[in-house]
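J.: Got a structure for you, questions after.
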Protein chains: 2
Amino acid sequence: MVRWEPDAAGRLRKAAVELFAERGVEATTVAAIAERAGVTERTFFRYFTDKREVLFSDQGEFASRFVIGVEEAPADASPLDAVTAGLRAGEVLFAPERREGARVRATVIAANPGLQERELWKMAGVADRMAAALRERGVAEPAATIAARAGIAVFSTAFADWIADGQARELPELVEDGLRALRSLTVA
Amino acid sequence: MVRWEPDAAGRLRKAAVELFAERGVEATTVAAIAERAGVTERTFFRYFTDKREVLFSDQGEFASRFVIGVEEAPADASPLDAVTAGLRAGEVLFAPERREGARVRATVIAANPGLQERELWKMAGVADRMAAALRERGVAEPAATIAARAGIAVFSTAFADWIADGQARELPELVEDGLRALRSLTVA
DNA sequence: AGCACTGATGTCAGTAACTGTCATCGACTA
DNA sequence: TAGTCGATGACAGTTACTGACATCAGTGCT
């Protein structure tokens, strides 16, 4: 006999996305999320530091891949090539079948400034870690930070395209487009 | 006989920075800020949408300069040159005598994740407007968005250097460094 | 002078996000 | 079988933020 249903965090995440999409973030109270997940409000805050975090706390995996991709790039790769390796390592998590879910989540975020802030903060954290990995490789500042941030800019832009209405192309291709655009910035 | 002291918003801003620096953001209630400014809490929220905004609501000027700088760049300037013009137009607001104040403000922000989020969100807004200005100039996507974001990355990095301990060089020089690093990303 | 009107502010009650503290009770362990 | 542990509930408290209405010095009009 189990005392509680397992995976309270997962149930809370699911309930939150559903309710945010149904009635909006502001109109959804933490108490309502908790109720749908079958726990109390207090338990929500044991799993997530705040209401917004429920949409982001499962993204550590993809952030780590970005960083590991940079770390494991060939030693003689240029900064931009190392960043590119990071993006390649991360984008594999976004297979075609995940696109629809990503779209729902992005729609929710697009409708709420607070969630946009959190997303930017998370991506900035990834960029910081990538910059640190570049420094480990011997890249000097400010090149390391700028390379990392430019890489994140490319990824974010590609990701937004990927989940845009009527977009048929897949993420790796769109990231390639972005990298091309970044490279051609300095030659045009 | 004036009914109220003038410039309530300014007094609130000043009180907020002081209190945030003295005891931290979390330990400072809006009621305390309002009291030091000689108004009620309700009045605080008439001027600022939320507690964090009090540190950012006077930044519209500098954001606009960035955008206008892009708009007014020579028609034949490359995307990156137009962005560079934007940065040049914006950085003039950060004269040497402003450095100390910027340092205090940055220290406060660095100590509080919520304020970092808001800062990132504001800068993202500037990047969006710069990207729109680039599109006006005929720059296609995703180049416009990536150029704008890379430019903001350069500026933010330079700004952080500018207010770092022991930094003697001035902002324009540091922005130049960043632009050089960005340009050499694609050639190395 | 008298008077309506405006706009910045105060007052007050209410909601909801978050926090600290202690109680509960199946499951595991000695 | 007793004791401990860990996830959860219960509950009170603080504070950010909002809506509705009251106040009243100044302004312009008659």
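J.: So how many residues does segment B:117-139 have that are facing chain A (nearest Cβ under 10 Å) and assigned to a helix (DSSP H, G or I)? Step through it out loud before you land on a result.
T.: If we filter segment B:117-139 for residues that are facing chain A (nearest Cβ under 10 Å), which is where we start, we get B:117-125, B:127, B:131, B:139.
Checking the rest, the ones that are also assigned to a helix (DSSP H, G or I) come to B:117-125, B:127, B:131.
Qualifying residue count, segment B:117-139: 11.
J.: A follow-up question, please. Check B:Pro142 against each of (1) surrounded by 15 or more Cβ atoms within 10 Å (Cβ to Cβ); (2) within 23 Å of A:Lys122 (Cα to Cα); (3) away from every other protein chain (no Cβ under 14 Å) and name the one condition it does not meet.
T.: Exception for B:Pro142: condition (3).
J.: Just give me the residues in segment B:3-48 being of a type in the set (S, T, N, Q) and within 17 Å of B:Asn112 (Cβ to Cβ), in sequence order.
T.: If the condition is that a residue be of a type in the set (S, T, N, Q) and within 17 Å of B:Asn112 (Cβ to Cβ), then B:Thr28, B:Thr29 are the ones that fit.
J.: In segment B:145-175, which residue that is among the β-branched types (Val, Ile, Thr) and in contact (Cβ under 8 Å) with a residue 60 or more places away in the chain is surrounded by the most Cβ atoms within 10 Å (Cβ to Cβ)? Before the answer, list the steps.
T.: Within segment B:145-175, the subset among the β-branched types (Val, Ile, Thr) is B:145-146, B:152, B:154, B:157, B:163, B:175.
Still in the running and in contact (Cβ under 8 Å) with a residue 60 or more places away in the chain: B:154, B:163, B:175.
On the way: B:Val154: 28, B:Ile163: 20, B:Val175: 24.
Among those that are among the β-branched types (Val, Ile, Thr) and in contact (Cβ under 8 Å) with a residue 60 or more places away in the chain, it is B:Val154.
J.: Checking A:Glu91 against (1) more than 25 Å from B:Asp128 (Cα to Cα); (2) away from every other protein chain (no Cβ under 14 Å); (3) crowded, with 18+ Cβ neighbours inside 10 Å; (4) away from DNA strand C (no atom under 16 Å from the Cβ): exactly one of these is not met. Which one?
T.: For A:Glu91, the failing item is (1).
J.: Could you grab the pairs with beta carbons closer than 7 Å, sequence gap of 6+ or different chains, first residue in segment A:39-51 and closer than 11 Å to A:Leu12 by Cα and among the β-branched types (Val, Ile, Thr), second one away from DNA strand D (no atom under 12 Å from the Cβ) and outside any loop (DSSP other than H, G, I, E, B)?
T.: Taking only residues 6 or more apart or on different chains, not a single pair turns up.
J.: Please pick out the residue among B:Glu176, B:Glu117 that is outside the structural domain of B:Ala16 (by TED's automatic domain parsing), modelled with pLDDT of 95 or more and within 24 Å of A:Lys122 (Cα to Cα). I'd like the intermediate steps shown before the answer.
T.: Working: B:Glu176 fails: within 24 Å of A:Lys122 (Cα to Cα).
Just a single option satisfies the conditions, and that option is B:Glu117.
J.: Every residue in segment B:90-108 that is out of contact with any Asp or Glu (no Cβ under 8 Å at 6 or more places or on another chain) and of a type in the set (A, V, I, L, M, F, W, C), please.
T.: Step one: filter segment B:90-108 for residues out of contact with any Asp or Glu (no Cβ under 8 Å at 6 or more places or on another chain), giving B:90-92, B:94-95, B:97-108.
Passing the criteria: B:Val92, B:Phe94, B:Ala95, B:Ala102, B:Val104, B:Ala106, B:Val108.
J.: Oh, and also: Yes or no: segment A:20-37 includes at least one residue that is away from DNA strand C (no atom under 11 Å from the Cβ), within 30 Å of A:Glu141 (Cβ to Cβ) and away from chain B (no Cβ under 14 Å).
T.: No, segment A:20-37 contains no residue that is away from DNA strand C (no atom under 11 Å from the Cβ), within 30 Å of A:Glu141 (Cβ to Cβ) and away from chain B (no Cβ under 14 Å).
J.: Identify, from the list A:Thr40, A:Thr84, the residue that is at negative phi, modelled with pLDDT of 95 or more and within 16 Å of DNA strand C (Cβ to nearest atom). First the steps, then the outcome.
T.: Values: A:Thr84 fails: within 16 Å of DNA strand C (Cβ to nearest atom).
Residue meeting the stated conditions: A:Thr40.
J.: Out of all the residues in segment B:165-186, which are out of contact with any Lys or Arg (no Cβ under 9 Å at 6 or more places or on another chain) and among the aliphatic types (A, V, I, L, M)?
T.: Across segment B:165-186, the qualifying residues are B:Ala168, B:Leu174, B:Leu179, B:Ala181, B:Leu182.
J.: Also, I was wondering about something else. Picking from B:Glu22, B:Glu26, which residue would you name as being surrounded by fewer than 18 Cβ atoms within 10 Å (Cβ to Cβ), of a type in the set (Asp, Glu) and more than 13 Å from DNA strand D (Cβ to nearest atom)?
T.: On the way: B:Glu26 fails: more than 13 Å from DNA strand D (Cβ to nearest atom).
Exactly one residue qualifies, and that residue is B:Glu22.
The values are calculated or read from the model by the stated rules, or taken from the named source; none is laboratory data. None of these values were measured; they are calculated from a predicted model. Neighbour counts are summed over all protein chains in view; Cβ atoms, including those assigned to glycine, are modelled from backbone coordinates with ideal geometry.
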